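Contents: one structure, followed by commentary.
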Amino acid sequence: MTLFRLAISVLFAVSSIAVAQAKTVWVDDQLYLPVRSGAGSQYRIIENAVPSGTPLEVLEASDSGYTRVRTPKGNEGWVSSQYLSETPIAADRLRTANRQLEETRAELDRVKEQLSNVVSERDSLESSEASLSDRSQELQEELQRIKSIAADSINLERRNRELREENQKIRNDLEVLTAENERLEASKEYDFMLLGAGLVLGGVLLALIIPMLKPTRKTDNWA
């Protein structure tokens, strides 16, 4: 029975050590904790002034108020359990929280930028959609106009023929008027020439007649 109890005690101790080895504690706030070679203040200090927030690997826990740990430098020793904390110190937690906050802010800025890009892309797509809608409406109106023109193609051809005939008639009238104008111009020049010749002839006649109209002086028979 004594051997059975001893085996149970050994197993419990081994389990406690295994659990303790998988655990990490931190030096509490605003302390410089000495690491000693034994579980008591009378033992030699093997590493002095471990600062607050230093993570220590737990190697063994005891009921004496001391815990056996391994420091980041690789030293193994005993420290007072009352200065150990199950969680990081407030300063470390604050730094961690600030770092997480900065990461969250950076992520928020990236999300905002992505949102802005998405909104800009959406606005661009909406503008393109509106332009396409307007263009589609214009094309539909153009198609309707073309259909109307195609349906009235016979009338257009007839009207075109009438316009060509009317244009030819106007050209003919213009040619007639031009010829008449040239004839009138020539007739006018001919009339001017006749008038000039008449005036010259009249002048010659007057020059011949006027001397004949002067009274002749009678011959003095008494002379």
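Within segment 62-77, the set of residues being surrounded by fewer than 19 Cβ atoms within 10 Å (Cβ to Cβ) and more than 60 Å from the chain's Cα centre (by Cα) comprises Ser62, Asp63, Ser64, Gly65, Asn75, Glu76. For the structure I just gave you, tell me whether Ile209 is at negative phi and exposed (fewer than 10 other Cβ atoms within 10 Å of the Cβ). So Ile209 fits the description; yes. Restricting Glu113, Glu138, Glu129, Glu121 to those that are outside the structural domain of Gly40 (by the TED database), at pLDDT below 85, farther than 30 Å from Val50 by Cα and open to solvent by 70 Å² or more (accessible area, probe 1.4 Å) reduces the list to Glu129.
The values are calculated or read from the model by the stated rules, or taken from the named source; none is laboratory data. Please read these numbers as outputs of a predicted model, since none were measured by experiment. For neighbour counting, all protein chains shown are included, and Cβ atoms are generated from backbone atoms with ideal geometry for every residue, glycine included. Surface accessibility is based on the protein's heavy atoms, side chains included, excluding ligands, DNA and RNA. Shrake-Rupley method; radii C 1.70, N 1.55, O 1.52, S 1.80 Å.
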